[in-house]
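Engineer: Below you will find the structure I want to go over with you.
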Amino acid sequence: MKHAPDLEAWLSLNLIDGLGDESIRRLLIAFGSPAAILSAHMSALERIVKKPVAQRISQGAEQHKIAAVFRWLEDPVNAVITLADSDYPAQLLNIDAPPPLLYFKGRRELLQRPALAVVGSRNATPQGLSNAEAFSEAASSAGLCIISGMALGIDTAAHQGGLRGLASSIAVVGTGLDIVYPAKNHPLAHKLAKEGALISEFPLGTPAIGRNFPRRNRIISGMSHGCLVVEAALQSGSLITARQALEQGREVMAIPGSIHSPLSKGCHALIKQGAKLVENTQDILDELNHLPLTRHENSAAAKEFSVTKPAENTVLLKHLGYDVVDIDTLCSRSGLTAEVVSAMLLTLELDGQISSLPGGCYQRIQSM
């Protein structure tokens, strides 16, 4: 596989211990390119970084580490994306000290799609998991790529919902991309690599270290146009992501819950501080000034999304009524297949006419 001629220089900088994103940014401003940094005199380097770091830059990264990355890149699903690449995520360029390079696995075209970060508790309630999955699927089908951190709980549900929608899902992880953490999410990671994407700023082999996850969170929010918090306690790491989203100028939204639930208190605190209260998918689209996909905007995706016509969707409302009902019951009442009914329900939810409930149930909330 052909690689950019300066990729080895980018990798060398990324693999030098003690050389952070901000330092690399200042070095790039001063010298213009990674190759120029690596060939600069010690005296020039020491004007920007400390002497031990300057010495390591002069020595360059260990060649066996660079060789390991190039072996990893032999798989066509893998890539390294640098600040110099045209498809480096545009949203990330607007944050403080964007990562100089990203290790990437999956569908590269997803990097150009508008995105929504969906985050929340690792120990989510069944209602929270259902909300995360349903809202993510609906937002993805409206054209928003779902970005989360592949943790257990809300993150996992968000990825699952996003993968079912048209715009898919991207996981930003806190380890090297050759490590799956948590191990329980191996099947999800495999599905993301095939149908979505995974991203990390950390070199291959980086284990799960606590301090890396807050750093990871700034990329989750930074790549997104808005951040939706589904469930979060007052001390949740999800609130760190929400704070970073605010600092990056992103829209912050939260789903309210029971006043008695500890996992609602973080969301309620955000709403009190000005976050958008979200009750349905349209609230998200309105906050982001985002219009759902149409057949003309994305014919391949919209063909899948617009499998039913508005008139047919209205007919389904008659079978739904105002009581809580599941898909099997609707199939029995309407004589339609589960696939067709699911597509109709998604469109009706996007239109704000029905609401999804736990257990795969739905309820009509708007009269015809």
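Engineer: Would you mind telling me which numbered condition in (1) under 12 Å from the mean Cα position of the chain (by Cα); (2) outside any loop (DSSP other than H, G, I, E, B); (3) among the small types (Gly, Ala, Ser); (4) more than 17 Å from ASN212 (Cβ to Cβ) ALA193 fails?
Structural biologist: (1)
Engineer: Tell me which residues, restricted to segment 285-310, are more than 19 Å from LEU239 (Cβ to Cβ), at pLDDT 50 or above and not in a loop (DSSP other than H, G, I, E, B). Quick ask: steps written out before the conclusion?
Structural biologist: Keep residues of segment 285-310 that are more than 19 Å from LEU239 (Cβ to Cβ), which gives 285-286, 288-310.
Remaining after also requiring at pLDDT 50 or above: 285-286, 288-293, 310.
Hits for segment 285-310 are LEU285, ASP286, PRO310.
Engineer: Could you list, in sequence order, the residues of segment 197-216 that are closer than 19 Å to ALA157 by Cα and over 10 Å from the mean Cα position of the chain (by Cα)? Spell out how you get there, then give the answer.
Structural biologist: We begin by selecting, within segment 197-216, every residue closer than 19 Å to ALA157 by Cα; these are 197-199, 213, 216.
Those that are closer than 19 Å to ALA157 by Cα and over 10 Å from the mean Cα position of the chain (by Cα): PHE213, ARG216.
Engineer: What's the number of the condition ASN280 fails, among (1) open to solvent by 80 Å² or more (accessible area, probe 1.4 Å); (2) modelled with pLDDT of 60 or more?
Structural biologist: (1) is the only condition that ASN280 fails.
Engineer: Restricting to segment 198-220, name every residue that is touching a strand residue (DSSP E or B) at 6+ places or on another chain (Cβ under 9 Å) and under 21 Å from ALA68 (Cα atoms).
Structural biologist: Passing the criteria: LEU198, ILE199, SER200, GLU201, PHE202, PRO203, LEU204, THR206.
Engineer: Which one is nearest to LEU101 (Cα to Cα) among residues in segment 122-139 that are out of contact with any Leu (no Cβ under 6 Å at 6 or more places or on another chain) and open to solvent by less than 10 Å² (accessible area, probe 1.4 Å)?
Structural biologist: Restricting to residues being out of contact with any Leu (no Cβ under 6 Å at 6 or more places or on another chain) and open to solvent by less than 10 Å² (accessible area, probe 1.4 Å), the top hit is SER136.
Engineer: Please state which one of LEU15, LEU27 is under 26 Å from the mean Cα position of the chain (by Cα), surrounded by 15 or more Cβ atoms within 10 Å (Cβ to Cβ) and not basic (Lys, Arg). I'd like the intermediate steps shown before the answer.
Structural biologist: Working: LEU27 fails: under 26 Å from the mean Cα position of the chain (by Cα).
After applying the criteria, what remains is LEU15.
Engineer: Specify the residue that is farthest from ALA139 (Cα to Cα); the eligible residues are those in segment 248-275 that are surrounded by fewer than 21 Cβ atoms within 10 Å (Cβ to Cβ) and touching a residue at least 60 places away in the same chain (Cβ under 8 Å).
Structural biologist: For segment 248-275, the residue satisfying everything is SER261.
Engineer: Would you pick out the residues in segment 92-110 that are open to solvent by 30 Å² or more (accessible area, probe 1.4 Å) and assigned to a helix (DSSP H, G or I)?
Structural biologist: Passing the criteria: LEU93, ASN94, ARG108, GLU109.
Engineer: So which residues in segment 140-159 are in a helix (DSSP H, G or I) and open to solvent by less than 10 Å² (accessible area, probe 1.4 Å), if there are any at all? Show your work before the answer.
Structural biologist: Within segment 140-159, the subset in a helix (DSSP H, G or I) is 140-141, 154-159.
Once the filter is applied, which keeps residues that are in a helix (DSSP H, G or I) and open to solvent by less than 10 Å² (accessible area, probe 1.4 Å), segment 140-159 yields SER140, SER141, ILE154, ALA157, ALA158, HIS159.
Engineer: Inside segment 324-346, can you point out the residues that are under 17 Å from GLY165 (Cβ atoms) and open to solvent by 60 Å² or more (accessible area, probe 1.4 Å)?
Structural biologist: Listed by number, the list holds a single entry, GLU339.
Engineer: Give the residues of segment 111-121 that are assigned to a loop (DSSP other than H, G, I, E, B) and either polar (S, T, N, Q) or surrounded by fewer than 24 Cβ atoms within 10 Å (Cβ to Cβ) (or both), sorted by residue number. First the steps, then the outcome.
Structural biologist: Within segment 111-121, the subset assigned to a loop (DSSP other than H, G, I, E, B) is 113-114, 120-121.
Within segment 111-121, ARG113, PRO114, SER121 meet the criteria.
Engineer: Which condition breaks for GLY321 when tested against (1) at pLDDT 80 or above; (2) more than 24 Å from ALA157 (Cβ to Cβ); (3) open to solvent by less than 30 Å² (accessible area, probe 1.4 Å)?
Structural biologist: The failed condition is (1).
Engineer: Spot the failing condition for ASN185; the list is (1) among the polar types (S, T, N, Q); (2) at pLDDT 95 or above; (3) within 21 Å of SER342 (Cα to Cα), and only one is missed.
Structural biologist: Exception for ASN185: condition (3).
The values are calculated or read from the model by the stated rules, or taken from the named source; none is laboratory data. These numbers were taken from a predicted model, which means no experiment stands behind them. Glycine also receives a Cβ, built like all others from the backbone with ideal geometry; neighbour counts cover every protein chain displayed. Side chains are part of the model used for accessible areas, which takes the heavy atoms of the whole protein and leaves out ligands, DNA and RNA. Shrake-Rupley method; radii C 1.70, N 1.55, O 1.52, S 1.80 Å.
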